[in-house]
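The values are calculated or read from the model by the stated rules, or taken from the named source; none is laboratory data. These numbers were taken from a predicted model, which means no experiment stands behind them. Reconstructed Cβ throughout: ideal geometry from the backbone, glycine too, with neighbour counts over all protein chains shown. All accessible areas refer to the heavy atoms of the entire protein, side chains included, with ligands and DNA or RNA removed. Shrake-Rupley method; radii C 1.70, N 1.55, O 1.52, S 1.80 Å.
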Amino acid sequence: MKLVVAGPFGVGKTTLIRTLSEIPTLHTEEAMTETGAPVDDVAGLPGKSTTTVAVDFGRLTLPGQVVLYMFGTPGQRRFFPLWQDIARGAVGALVLADTRRLADSFEIMDMVEEQGLPYAVAVNVFPGAPVHPPEVLRAHLDLHAATPLVLCDARERGSSLDALIALAEHVLHGLPASPDPAELDPSALDPAELDPSALDPAELDPSALDPAEPGPAALGPAAAPEQP
């Protein structure tokens, strides 16, 4: 199951994937430079010195042999075309949010909704960040009643796993139901579709052919083979 881990710049996407992955993660973090300072606002992000420039990848196997493939995406607007490519084929998205910058999450949620992906929101609880009850966060983020909202610490495996499971359950509940067995049971077909005797005799009787169409006799005697 392919899942996208999305969220604004510096919200903890890379950390969450590293925390959860059962394999060494693929990550594309690069050092931030002065050139990017005008577009990568680090206000409220003490110690932020690197940023993802392509994709993070990790894998996690849940009970029942449900394998989750996690793709972390850059949070800056200039990477949105790349985000769309990464999201292709995904079945859902985990959107991370930060209570210090909740408004930054709206653009990400809009983008996820435009892709038609079901999603859950995980509020990453940073040290010293404002704390709000879930119902207040849900109202502020204007979430649909069916959209899961959980609190997590991306550095802590247990709560991060709870967030991912909430998304996986949300996705699985939204999948189409299994087909009705009657649709796969040959005995449920109309017998007329299987019984040759139910066909119109005219469809099988050569005499029912249009007399205007020449039969073998109308073509004249066959030419005798030439003698050597």
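On the full set of protein chains, 1.4 Å probe, figure out the accessible area of residue 15 and give it in Å² to the nearest 10.
Probe radius 1.4 Å; accessible area of residue 15 about 60 Å².
Taking only Cα atoms of the stretch 77-155, what ratio of Rg to Rh do you get with Rh as the Kirkwood inverse-distance radius?
Expressed as Rg/Rh, it is 0.97.
Would you rank 170, 140 by solvent-accessible area, highest first, keeping every protein chain in place and using a 1.4 Å probe?
Largest to smallest exposure gives the sequence 140, 170.
Mind listing the long-range amide H neighbours of residue 62? Cut-off is under 5 Å, sequence gap 5 or more, other chains count too, H placed in the peptide plane at 1.01 Å from N.
Those qualifying (amide H under 5 Å, at least 5 residues apart or on another chain) are 67, 68.
Relative to the Cα centre, what is the charge dipole magnitude of the stretch 117-167, using +1 at the beta carbon of each Lys and Arg, -1 at the beta carbon of each Asp and Glu, and rounding to the nearest 20 debye?
With only Lys, Arg, Asp and Glu charged at Cβ, the dipole is about 80 debye.
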